[in-house]
Amino acid sequence: MNRIREIFDIGAGFESIIEWLTEEADWLFDFIALVVEGFLDGVNWLFNFPSAFVIIGLFSFLAWKVAGKGVALFSLIGFLLILYMGYWSETMDTLSLVFSAVIFGLLIGLPVGIWASRSDSAWKILRPILDFMQTLPAFVYLIPAVLLFKLGPVPGVIATLIFSLPPVVRLTNLGIRQVPVEIREACRAFGATPKQMLLKAELPVALPTIMAGVNQTIMLALSMVVISGMIGAGGLGNVVLKGITQLKIDMGFEGGICIVILAIFLDRVTQAFTATQKR
Amino acid sequence: MALVEVKDLYKIFGTNPKRAIPLIKEGKSKQEIKKKTGCTIAINDATFEIHRKETFVVMGLSGSGKSTFIRCLNRLVKPTAGQILIDGKDIVKMGSDELRELRRYKMSMVFQHFGLLPHRNVINNVEFGLELGGMKKTERREKAMEAITLVGLEGFEFSMPNELSGGMQQRVGLARALANDAEILLMDEAFSALDPLIRAQMQDELLDLQDKMHKTIIFITHDLDEALKIGDRIAILGPGGRVRQIGVPEEILSNPADKYVKEFVQNVDRTKIITAGSIKHSGPVLNSIKDGPKAALHLMETQSKSYAYLVDSQRSLKGIIHIEDVIELKKKKENDLSTIVRHDFFTTTPDTAISDLLGTALHTKYPIVVINEDNKFLGIVSREMIIAEVNEGVDESDTPTVFSEILEETEVFQNE
């Protein structure tokens, strides 16, 4: 048994793959890091540069427009509470991380989801990969992310991106596959090109389902961003981590509350957006 | 030349379907072929023509391949073998660009469950086909509004589809199909999802529209009454996708081609389909210019009638003359029959259904005269003829029994 394990060592195999990547594909990861970092810095500046009250006002207004009075009031009080507790910049850092990871996630996930909906064989290959990505414990992503991208926010975004990608792929695929046959037939019968069919019928009809996927992706990203505090991604993850490692109960609790407020805000707003699409 | 010519058309579903065709030609049954090759036959050797501006109904029960058939006509389904010529061009051989042209400008389609885009309002749905063809916004708006007016949807342009009833939604589907002004209109069970009252109303409106627009309509239905009402000609598809009979509604009712069609049409209310024009007979007719009292009496005697109809040399109907008036006229030694003409009888047009004549026919003393719109005498329809016609479609075993027979039977039964 041990002899076999010496030959087929799964863990060591994975290790040598990562080693090979760090040595040979160095330039690729440097490039990816550059792009992600640039984007992240931009987003970070956008959230951190204006006064906190301006941002709070904007968020509450957005919540009011999309989700109604209740959510707007919650956002106003919630974000003011974060400001009062003194975690404003950490919360904005976390939001930037989530935002960046989700944007990159959609850029990858939507085309992959559309591709999966087009081809049964593509879906057959993708499904186990997505299952794997979703069920692998979140911490495991941190190791290769650190090895390939060092420490800091960039590996945090990358790990988050991979962990939160599956729902948007799954639900884009599902949404497009659920478009009624007659709508597809109607498109073809009136002379639609495949591109017209996708843009004018399939994506709009599938949009509520796709938005549900986006919502899930955002939620997963938020949970992962906190975990990636362990590799120095910064933000609220750092606060919570400090609370745990240094047994500062007050800090851990306050950090936790900030995350909950942010999560509820993001969830309600994206969910409300899904509902307006359905109407 | 016919607008659409379908020649030796086959559609077989399954892997490698072409190998099933020789088996069909050998006369193997659907089940045998399914067992041997795993293929399902949807259309089996269909050949027919559809003329310009007619309403051609393809009628069959579920599983008869009628939906597949209509989808072959715009190539949503690719036929396995055979030709479909539209204006002489074989669409089976067309590439995707040519097909797109055909679908955008030559034919449009109405679907059973409407196939509307749920995220677009009515007018955006109606202009969908025009938008795909790349028409400018203002122009397609205008065309879409015309189509919306045509189907009676004014005022609902900005409603969303899910705010409308089924009948209204199908109007949107119809408007969308009319908007691109295509010559051929394919209607796939267009009214089957509607409730009966709305269905009848939509059928009437389609007939009205067709009177104005003169499109070539190919209509699929499983409802024989609908087929008979809408169709200029009807094709009956049997199980296994075989065309059983093609003809005008009356032909199919009066001369069913085989047992399958016969069983099919058995339950139809014949009185609603058979028209006065198709059962009319010649009657006693006198010419007002050349016939006098003598000729009149002779005619009435030979036909043993107490009346005759008077027409002029263009066979234009003048009225009815009675035998006692002719005798009177003869006594007075006058010759002009038009002086004694009477007008107390009923007339009808040739396309009136006999169900509409029955009530009148039972009460009137004289047969009903069939005339055309120029008042020309075409023939007569009597009470006896109508009853005979109604009786024709009746199943013998269901007719009333003479009471004495029932009595006899019960007596025999008791004696035993």
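Every number in this text was worked out from the coordinates using simple rules, so none of it is lab data. Just so it is clear, the model here is predicted, and its values are computed rather than measured. Glycine also receives a Cβ, built like all others from the backbone with ideal geometry; neighbour counts cover every protein chain displayed.
Brief remarks on what is shown
- Ranked list, fewest to most other Cβ atoms within 10 Å of each Cβ, for A:Leu73, B:Leu407, A:Leu262: B:Leu407, A:Leu73, A:Leu262
- Two-site FRET efficiency, A:Ile18 against B:Lys34, from Cβ-Cβ distance with R₀ of 41 Å, rounded to 0.05: 0.15
- The mean number of Cβ atoms from other chains found within 10 Å of a Cβ in peptide B:120-131 is 2, as a whole number.
- If you run the Gaussian network model on chain B, springs between alpha carbon atoms under 10 Å, then out of B:His113, B:His281, B:His343 the most flexible one is B:His343.
- Net +/- balance of residues flanking A:Ile114 in space, Cβ distance below 13 Å, scoring K and R +1, D and E -1: +3
- Helix-derived mean residue ellipticity, 222 nm - over chain A, DSSP H n ≥ 4, -39500 (n - 2.57), to 500: -28500 deg cm²/dmol
- Short-range pairs are left out: with C-alpha atoms under 8 Å and at least six residues apart, the relative contact order of region B:2-268 is 25 percent.
- Net charge, A:Trp123 excluded, C-beta distance under 15 Å - Lys, Arg +1, Asp, Glu -1: +3
- Sparsely packed loop sites in region B:185-263 (the GluC sites (Glu not before Pro) outside DSSP H, G, I, E and B with at most 15 other Cβ atoms within 10 Å) do not occur.
- Gaussian network model of chain A, springs between alpha carbon atoms under 10 Å - residue of A:Glu15, A:Glu254, A:Glu90 with greatest fluctuation: A:Glu15
- For region B:211-242 versus region A:59-124, the gap between their alpha-carbon centres in whole angstrom: 55
- Shown here for region A:1-68: chymotrypsin sites (Phe, Trp or Tyr not before Pro) in loop regions (DSSP other than H, G, I, E, B) with at most 13 other Cβ atoms within 10 Å, namely A:Phe8.
- Applying a threshold of 30 Å to the alpha-carbon distances of B:Lys7/B:Lys30; A:Lys65/A:Lys248; B:Lys215/B:Lys259 flags A:Lys65/A:Lys248; B:Lys215/B:Lys259 as lying beyond it.
- Peptide A:191-202 is shielded by partner chain Cβ atoms: per residue, an average of 4 of them sit within 10 Å of its Cβ.
- Total formal charge among the other residues, if their Cβ is under 15 angstrom from that of B:Leu185, Lys/Arg +1 and Asp/Glu -1: +1
- From its DSSP helices (H runs of at least four residues, each -39,500 (n - 2.57)), chain B gives a residue-normalised ellipticity at 222 nm of -10500 deg cm²/dmol.
- Peptides B:270-280, A:222-232, A:131-141 ordered by average Cβ neighbours within 10 Å, highest first: A:222-232, B:270-280, A:131-141
- Legend: mean number of C-beta atoms from other chains within 10 angstrom of residue C-beta atoms, peptide B:112-119, equals 6.
- Low-density loop positions, trypsin sites (Lys or Arg not before Pro), region B:149-245 - DSSP coil, at most 13 other Cβ in 10 Å: none
- In this rough spin-label picture, where each label sits 7 Å from Cα along the Cβ direction, the B:Glu142-A:Tyr84 distance is 6.4 nm.
- For the residue pairs B:Lys78/B:Lys272; B:Lys28/B:Lys78; B:Lys106/B:Lys262; B:Lys106/B:Lys376; B:Lys25/B:Lys262; B:Lys305/B:Lys331, the C-alpha atoms sit more than 30 angstrom apart in B:Lys78/B:Lys272; B:Lys106/B:Lys262; B:Lys106/B:Lys376.
- Counting other Cβ atoms within 10 Å as a rough exposure proxy, the listed residues B:Asp87, B:Asp8 run B:Asp8, B:Asp87 from fewest neighbours to most.
- Going from the fewest other Cβ atoms within 10 Å to the most, the residues B:Ile321, A:Ile103 appear in the order A:Ile103, B:Ile321.
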